[in-house]
Amino acid sequence: MTLPCETPRNGPAALFAITLQGHLPTLSTDRLLLRAPRVTDFDTYAQIACSGRGEHIGGPMSREDAWTDFSQMTSTWLLHGHGLWTIGHAGDISGFVLLGFEAGDQEPELGFMLTEKAEGMGIGFEAAQAALTHAFDTLGWSTLVSYIDPANARSIKLAQRLGGLPDGEITEDGETSLIYRYVREVM
């Protein structure tokens, strides 16, 4: 069921949203375009968050909870100057990558979630590497972390491939996450 908040709007408010999206950084790699999220991207987000794929990000969520999560991650652009990007690949949405702060985060986080179709193609690595480069080179961060469910072997492997090193764990609401730390290389 599509929620009313998912319906793209017309008129001045929609034009204003497009203008705001145009001010967010777009990151390009050889195969990918990381761009500002749009209302129409939410369906892909919900397909991930509301299914078994959302198990490691607090799901499976209801569609309403997924909308709240999507909105919160998108709003960090206005609140902190970084946030959620939609990963575009070959004309499709392959997932999302995040530089952000969620409520329980102690420091900036690199997050990633992919569609099933995008797994195993190096898309997560390429998108997350672009976001890390942006965090270090554009935002001037020296470190950030990924919080990963200990059962999420694919995300742990991706964090390690990105150069993330184990840095303890955090427990929130009875759920424990591993912390993987990325540190800017000093030249």
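Looking only at residues of segment 74-92 that are buried (at least 21 other Cβ atoms within 10 Å of the Cβ) and of a type in the set (A, V, I, L, M), we find that the one that is nearest to the chain's Cα centre (by Cα) is Leu84.
Take the residues of segment 1-19 that are of a type in the set (A, V, I, L, M) and in contact (Cβ under 8 Å) with a residue 40 or more places away in the chain: which is most open to solvent (accessible area, probe 1.4 Å)?
Filtering segment 1-19 down to residues of a type in the set (A, V, I, L, M) leaves 1, 3, 13-15, 17-18.
Keeping just the survivors that are in contact (Cβ under 8 Å) with a residue 40 or more places away in the chain gives 1, 3.
Numbers: Met1: 179, Leu3: 18 Å².
Looking at residues that are of a type in the set (A, V, I, L, M) and in contact (Cβ under 8 Å) with a residue 40 or more places away in the chain, I get Met1.
Taken as a whole, the condition of being surrounded by fewer than 21 Cβ atoms within 10 Å (Cβ to Cβ), modelled with pLDDT under 90 and over 25 Å from Pro150 (Cβ atoms) does not apply to Pro25.
If the condition is being among the aliphatic types (A, V, I, L, M), assigned to a helix (DSSP H, G or I) and either modelled with pLDDT under 90 or within 14 Å of Cys5 (Cα to Cα) (or both), then segment 41-67 contributes Ala46, Ile57, Ala66.
Considering only residues that are more than 16 Å from His134 (Cα to Cα) and not polar (S, T, N, Q), which ones fall in segment 85-100?
Going through segment 85-100, the residues more than 16 Å from His134 (Cα to Cα) turn out to be 88-95.
Once the filter is applied, which keeps residues that are more than 16 Å from His134 (Cα to Cα) and not polar (S, T, N, Q), segment 85-100 yields Gly88, His89, Ala90, Gly91, Asp92, Ile93, Gly95.
Quick check, is Ser51 touching a residue at least 12 places away in the same chain (Cβ under 8 Å) and over 14 Å from the mean Cα position of the chain (by Cα)?
Values: touching a residue at least 12 places away in the same chain (Cβ under 8 Å): no; over 14 Å from the mean Cα position of the chain (by Cα): yes.
In short, no.
Looking across segment 68-84, the residues that are in a helix (DSSP H, G or I) and either closer than 12 Å to Gln21 by Cα or of a type in the set (Asp, Glu) (or both) come down to Asp69, Thr74, Ser75, Trp77, Leu78. The set of residues in segment 168-185 being loosely packed, with under 15 Cβ neighbours inside 10 Å, of a type in the set (D, E, K, R) and assigned to a strand (DSSP E or B) consists of Glu169, Glu172, Glu175. Of the residues that make up segment 153-160, is at least one open to solvent by 70 Å² or more (accessible area, probe 1.4 Å), out of contact with any Ser or Thr (no Cβ under 8 Å at 6 or more places or on another chain) and over 22 Å from Gly58 (Cβ atoms)? Within segment 153-160, one or more residues are open to solvent by 70 Å² or more (accessible area, probe 1.4 Å), out of contact with any Ser or Thr (no Cβ under 8 Å at 6 or more places or on another chain) and over 22 Å from Gly58 (Cβ atoms).
Going through Glu64, Glu119, Glu102, Glu126 one at a time, which residue ends up being of a type in the set (Asp, Glu), open to solvent by 30 Å² or more (accessible area, probe 1.4 Å) and within 21 Å of Arg184 (Cβ to Cβ)? So that I can check it myself, show each step before the final result.
On the way: Glu64 fails: within 21 Å of Arg184 (Cβ to Cβ); Glu119 fails: within 21 Å of Arg184 (Cβ to Cβ); Glu102 fails: within 21 Å of Arg184 (Cβ to Cβ).
Answer to the selection: Glu126.
The set of residues in segment 148-157 that are assigned to a helix (DSSP H, G or I), among the hydrophobic types (A, V, I, L, M, F, W, C) and at pLDDT below 95 contains only Ala153.
The values are calculated or read from the model by the stated rules, or taken from the named source; none is laboratory data. Worth saying up front: this structure is predicted, and the values here are computed from it rather than measured. Quick reminder, even Gly has a Cβ in these numbers, built from the backbone with ideal geometry, and neighbours come from all protein chains shown. Ligands, DNA and RNA are stripped out before the accessible areas are found, and what is left, the full protein with its side chains, is counted by its heavy atoms. Shrake-Rupley method; radii C 1.70, N 1.55, O 1.52, S 1.80 Å.
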